[in-house]
1. For the range 10-34, name all the residues that are touching a residue at least 24 places away in the same chain (Cβ under 8 Å) and of a type outside the set (A, V, I, L, M, F, W, C).
2. So for the range 51-61 (the condition being at pLDDT 70 or above, out of contact with any Gly (no Cβ under 6 Å at 6 or more places or on another chain), of a type in the set (Gly, Ala, Ser) and closer than 24 Å to Leu23 by Cα), does at least one residue qualify?
Amino acid sequence: MELPKKYLHDRIVLLLITLLAVLVVVGVAVVLLRFDISKNPTTIVAYRPNISGASYQSGKPIDIYSMAAFMAITAVGAVILSARVYNLKRYLSVFILASSVFLLILATIVSNSLISLQ
């Protein structure tokens, strides 16, 4: 894939890509460094309040590790999609990057809180 010439010269785009990279490193580090399988072979992967009683849903460790993969795939996909759309609409490209930054912030917060419940 060929990047548009102006894409990597746009300061806002570079700022958002840098922010994406930092958030991916922080999010993946939170998941990989804080999660310890030896504490509990099953982990809490969701909180679903319902009438029947148990509101915490347990799962396998791969469910938490998939959060790290989700963060990486989201960042890469956002950069690729943003680069392809940049020639058509610059503001749409910036919106894609900014919304993925927000999504990575939320994914980091959620994964940190799920690991804290372990």
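The values are calculated or read from the model by the stated rules, or taken from the named source; none is laboratory data. For clarity, every value in this text was computed on a predicted model and none was experimentally measured. Using ideal geometry, Cβ is built from the backbone for each residue, glycine included, and neighbour counts are taken over all protein chains shown.
1. Scanning the range 10-34 gives Asp10, Gly27, Arg34.
2. No, the conditions are met nowhere in the range 51-61.
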